[in-house]
Every structure is written in C-alpha cells, then in structure tokens.
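I have placed the structure first, in the form of structure tokens, so that the comments after it can refer back to it.
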Amino acid sequence: MGLNGKTALITGGGTGIGAGIALAMAGAGARVAVSGRREGPLKETADQSPAENHIACRACDVADRSSAAALVEWATSELGSVDILVNSAGLNVPKRSMADLDPADWDKLIEVNATGAYNCIHAVLPQMRERHDGLIVNISSIAGVRASLLGGVAYSASKFAMSALGMCVGLEERDHGIRVTNVYPGEVETPILDNRPAPVSAEHRAKILQPEDVAALVVTIATLPPRAHVPEIVIKPTTQAFA
C-alpha cells in the first residue's frame with residue numbers, strides 16, 4: 001500500500017532510529033515532519049530526504065508540555081493533519097546504577113523518555129479522535145519489557161512507563177479507530193551508545209541492529225490496513241539474547 005497520502009510526525013528525528021524512520025517514511029511516500037532539541041541534526045535528516053518528498057523540521061523539547069503542544073500544532077499546519085505519530089525522542093546517561101545515578105538524571109530521563117511521549121500523545125489525540133483514525137508508534141526498548149542492568153535504573157523505569165502508557169492508550173482509544181504500537185528494540189547502532197559506561201567497539205556496533213532495520217519494521221506497521229493492529233513487537237540483533 002505504501003504511505004502515499006499519509007502524514008507522519010517523528011520526534012527525535014535528527015539522529016538514530018528517529019532519523020531512520022523519517023527517511024524510510026518519506027521514501028515510502030509519506031509527508032514527514034521531524035523534531036528534536038537541535039536544529040542542526042534535523043536539517044541533516046531533511047537534506048537526505050527524497051527530492052520529491054521534503055521533510056519539514058522544527059526544534060522542540062518534548063519534555064516541555066507547551067513546546068510539545070506547539071509542535072503538534074505546527075506539524076498539523078505543515079502537513080494538514082498528523083496521521084502517524086512516532087515517539088522516538090529518548091536518551092540515557094553514563095552513570096546508571098542506583099548507587100551512581102544523579103537524581104537530576106533520573107528526572108531528566110523520566111521527563112524526556114516517558115513524559116515527552118505523554119505530552120505528544122496528549123496533543124495529537126484530539127484530531128485523531130475527530131477523524132476516527134490514527135497510528136501512534138512508541139519506540140520503547142527491550143529495557144521496557146525486561147528491566148536491564150545495561151540500560152540502568154532510570155532508563156528501564158522510563159521505558160516501562162512509556163510501554164504502559166502505550167498499552168493503556170491503545171486500549172482506551174481502539175473504539176476511536178486509533179492504534180498504538182510499542183516497539184521494543186534491542187541494541188541499535190545510534191548515538192545513545194556513546195553514553196555507555198564502557199566504550200562500544202566498532203565490531204560490536206556493526207553486528208547489532210542499524211536504524212534502518214527498525215525503520216523498516218515501523219514502515220511495515222504503518223502500511224497495515226486500519227483493521228490490523230500490532231500492539232507490541234520486539235526487534236533485536238540475532239546475537240542478542242532476550243531473557
């Protein structure tokens with residue numbers, strides 16, 4: 001079916017998974033807008049978009065509720081509507097154990113990874129309800145299904161919160177024609193790896209998932225007919241355990 005005639009707003013669209021999804025959706029025919037905290041990476045993503053399908057971009061801090069609301073208002077003006085919302089904004093910090101975690105970093109991860117997704121969903125739901133149609137994709141993590149020492153205390157807690165948010169909204173809004181999908185990626189080669197407590201080798205980075213792998217999955221979900229719903233799905237490197 002492709003995504004011709006569809007519109008998509010992707011948060012965290014300047015780098016990593018978000019950028020990969022934005023480019024894949026534009027390539028599939030969607031009209032796309034991306035947001036992130038820094039304009040530079042957003043413009044780099046937009047510069048890679050197909051010539052016939054320019055990607056619009058706007059800086060936004062999704063942790064700020066008024067900024068998230070303004071983002072959805074802007075995207076609606078740019079695209080005409082938001083058919084697909086992808087919550088891909090997320091971060092982690094190097095010091096992740098309970099003993100080492102700075103309380104300020106706990107607040108930051110909860111605000112961006114969990115509250116940021118809430119803010120964007122809250123802002124976009126009214127128009128989706130009015131149309132009786134819409135898809136929301138939350139890029140969570142395997143750490144949002146299995147608490148992970150690798151992800152750490154705050155990251156795991158924030159991704160569990162994001163996962164629960166998506167499942168509850170999906171249950172509440174299904175009769176309004178709105179589908180919510182939680183995607184749980186394993187290790188992905190993105191800038192978030194730069195915040196690992198131990199450096200990640202080039203060899204390891206080459207073996208794990210690439211952003212385009214997750215993007216291909218999200219495009220597949222987005223091209224399903226409205227009668228088909230994927231509530232949650234895990235995608236992981238072949239060599240990574242899921243236990």
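Among residues of segment 191-212 that are surrounded by 13 or more Cβ atoms within 10 Å (Cβ to Cβ), those with a beta-carbon under 9 Å from a residue that is assigned to a strand (DSSP E or B) at least six positions away or on a different chain give the pairs Ile208/Val188; Leu209/Pro185; Leu209/Val188; Leu209/Ile235; Gln210/Val188; Pro211/Val188.
Just wondering, is there one or more residues in segment 97-106 that are touching a residue at least 24 places away in the same chain (Cβ under 8 Å), of a type in the set (Ser, Thr, Tyr), part of a loop (DSSP other than H, G, I, E, B) and open to solvent by 30 Å² or more (accessible area, probe 1.4 Å)? The answer is yes; a qualifying residue exists.
Looking only at segment 154-176, decide whether some residue is not polar (S, T, N, Q) and not in a helix (DSSP H, G or I). The answer is no, given that none of the residues of segment 154-176 is not polar (S, T, N, Q) and not in a helix (DSSP H, G or I). Looking across Ser158, Ser141, Ser148, Ser66, one residue alone is at pLDDT 95 or above and more than 15 Å from the chain's Cα centre (by Cα). It is Ser66. Scanning segment 132-185 for residues being in contact (Cβ under 8 Å) with a residue 60 or more places away in the chain, surrounded by fewer than 23 Cβ atoms within 10 Å (Cβ to Cβ) and not aliphatic (A, V, I, L, M) gives a total of 4.
The values are calculated or read from the model by the stated rules, or taken from the named source; none is laboratory data. Keep in mind that what you see is a predicted model, and the values were worked out from it rather than measured. Positions of Cβ are generated from backbone atoms using ideal geometry, with glycine treated the same way; all protein chains shown enter the neighbour counts. Each accessible area value is taken on the protein alone, full model and side chains, heavy atoms only, with ligands, DNA and RNA left out. Shrake-Rupley method; radii C 1.70, N 1.55, O 1.52, S 1.80 Å.
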